[in-house]
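A short worksheet on the structure shown next.
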């Protein structure tokens, strides 16, 4: 079922993905409901109005500018339905609708391991990450990381000769930190730079969860090297576990605050990593990716919720995520109608559709 | 059933325990077979002869000297059947028949945690061990260790104010390393020094497994702080696991060779220890000691193996330990007769009875 989009379809996908209140979950639902992005765009204003608010579609001019900006960088826009889209990321529920990729796109479908960790890393930690990346690279693995200071940068460096992928929170041209300018250039040349954001965008805090989901999504295993408690690397590790990826952590002395996060991961069941051997052993135990847990509740194409249902659903939502199925049970309405109403509420900014079939107020 | 020995019985126990080829397993078997140590001493020469060799009982003079030496040190000799014998050690299969204890004997029956580790320890590791011992001491735990350089010494130091037990491979007066003379004196005063060996004996390599078995035997949990691969602390950890004790290990950087052993323990299932909290949490999960796995094959009092059986059993033995039950199956003889023959062979130095019902050539 994977097929390349026509240029017109690609524009429709991009326009739909860039429209306000359309996140990956809503995008996925709309595609299921309408069949194509073009039809979804046509139906969207009406849906949003039903949800209780007017919605402005992304402008055609913005779409043209993004395509031109990407082309100027030599980057490619790949949709999740296309054959070039990395298969492991396409299997996420939901996948990012589109990614920009700059460099050797073919690296995205090779067996990969993510190495992530503290930005303020020790010299020893960076040396370890560099060595681990080099060894895993020599054993045929692409190394995925986030181009950040510290562990991320060291991991990319170690894997430059064999293949490395940098996933950015901002656009594929958003070089941060500035001292990684040279590293970025070498990755864009010999490796691949990936982002879900539009070119030209500088990363802000809320971009990182989406970046981290792609880092773990691309990888069969995620290794965390040095992490304090409550750090971003631990979020990546949690996402990786939810995605069925192997999670490994490098232990450290209890006297080193940068080992608190990794030791805690080990305590919670992450495999202990002292080197490439441990990663390879963990991968041996891995029999392909876990099946994606996509809805399977049937299409929502014919559902047509009424105002009363929308109102009762809106009243059921709170900042605490609940499953869509719980909403279905609470309303007693047909699942298809509830799902449709939730998409309408999401478009109107009154609900947020979360991965894993969860929903909350936005 | 626990009762103090008379002075005559104590002498018999000591003499039997000090007789050549009588280790804890053989001692235990002989006591089961004959009922008392005195009767075992009387029957021993004949048994050994049947096993194929003459045996020299320990001399009465040596026994008197050992008792006098111990008394001169103010140490107490405690038999495994006596109420003062630490209950957790009495439950081992088999227990050491006798221990010497110098200092506050009552510490031996209080909730204890062993802290052991590398002799050539890092300053950080020693600081950690000292702090851990202090915290666990304040939470009501006696700290058990082996008086060695490095981690052991630091653990004792940290627990001096609250209570600590040093288990020695040599006699209770065998101060090693020499720089621990002052530490030893403070433990003998405020804590307790314990040994299975006779006073005056300087430890040799083969004393340490017995010492380690008492360290773990006394303790509800064993914490290993810094250990290289194939080090003695890992043997203590293995014994502790076999005895049903909680095993914890302090993680460290993969770049630190002193963390190789502890990281490996964690990989094998030891709990990760970053501080006293982890130990206390592990102890919460512990519901009393595992039941001792004593034979339960009934008495061997009436067994009377013949030469043919002895010969066929001797032929079945090799340096590779096998279970006594395997020998029973292989010979087809009654279990009681096989056990009796094995004791005779052990006394004659032709078999070695190992803990857990295993047997090998000695």
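The values are calculated or read from the model by the stated rules, or taken from the named source; none is laboratory data. Bear in mind the structure is a predicted one, so any value in this text is a computation, not a measurement. As a convention, Cβ positions derive from the backbone with ideal geometry for all residues, glycine included, and neighbour counts pool all protein chains shown.
Here are the numbers for this structure:
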quantity	calculated
Where residue A:258 falls short, out of the listed (1) assigned to a loop (DSSP other than H, G, I, E, B); (2) touching a residue at least 60 places away in the same chain (Cβ under 8 Å); (3) within 14 Å of chain B (Cβ to nearest Cβ)	(1)
Residues being assigned to a helix (DSSP H, G or I) and away from every other protein chain (no Cβ under 14 Å) - total across the range B:83-132	9
Hits in the range A:20-52 - residues which are in contact (Cβ under 8 Å) with a residue 60 or more places away in the chain and not in a helix (DSSP H, G or I)	A:20, A:21, A:22, A:23, A:35, A:52
Among (1) at pLDDT 80 or above; (2) surrounded by fewer than 19 Cβ atoms within 10 Å (Cβ to Cβ); (3) not in a helix (DSSP H, G or I), the one test that residue B:325 misses	(3)
Where residue A:214 falls short, out of the listed (1) more than 27 Å from residue A:276 (Cα to Cα); (2) assigned to a helix (DSSP H, G or I)	(1)
Selection from the range B:52-69 of residues that are within 30 Å of residue B:312 (Cα to Cα) and surrounded by 14 or more Cβ atoms within 10 Å (Cβ to Cβ)	B:52, B:53, B:55, B:57, B:58
Meets criteria (surrounded by fewer than 20 Cβ atoms within 10 Å (Cβ to Cβ), within 14 Å of chain B (Cβ to nearest Cβ) and either on the phi < 0 side of the Ramachandran plot or over 21 Å from the mean Cα position of the chain (by Cα) (or both)) for residue A:49	no
Of the criteria (1) in a loop (DSSP other than H, G, I, E, B); (2) within 14 Å of another protein chain (Cβ to nearest Cβ), which one residue A:199 fails	(2)
Options B:314, B:330: the member that is free of Cβ contacts under 8 Å to residues at least 24 places away in the same chain, outside any loop (DSSP other than H, G, I, E, B) and farther than 29 Å from residue B:240 by Cα	B:330
Close pairs from the range A:1-17: first more than 13 Å from residue A:44 (Cβ to Cβ), partner assigned to a helix (DSSP H, G or I), Cβ under 6 Å, at least 6 apart	A:11/A:63; A:13/A:37; A:14/A:63
Candidate set: the range B:266-283, residues that are within 10 Å of chain A (Cβ to nearest Cβ) and touching a residue at least 12 places away in the same chain (Cβ under 8 Å); chosen: the one farthest from residue B:113 (Cα to Cα)	B:266
Any hit, the range B:120-128, residues being over 23 Å from residue B:177 (Cα atoms), free of Cβ contacts under 8 Å to residues at least 12 places away in the same chain and out of contact with any strand residue (DSSP E or B) (no Cβ under 7 Å at 6 or more places or on another chain)	no
Meets criteria (surrounded by fewer than 24 Cβ atoms within 10 Å (Cβ to Cβ), touching a residue at least 40 places away in the same chain (Cβ under 8 Å) and within 24 Å of residue A:231 (Cα to Cα)) for residue A:150	yes
So residue B:147, is it part of a helix (DSSP H, G or I) and away from chain A (no Cβ under 14 Å)	no
From A:23, A:43, residue being at pLDDT below 95 and crowded, with 18+ Cβ neighbours inside 10 Å	A:23
Matching option when the condition is more than 13 Å from chain B (Cβ to nearest Cβ) and in contact with a strand residue (DSSP E or B) (Cβ under 7 Å, 6 or more places away or on another chain), among A:235, A:187	A:187
Some residue of the range A:244-254 being without any contact (Cβ under 8 Å) to a residue 12 or more places away in the chain and within 14 Å of another protein chain (Cβ to nearest Cβ)	yes
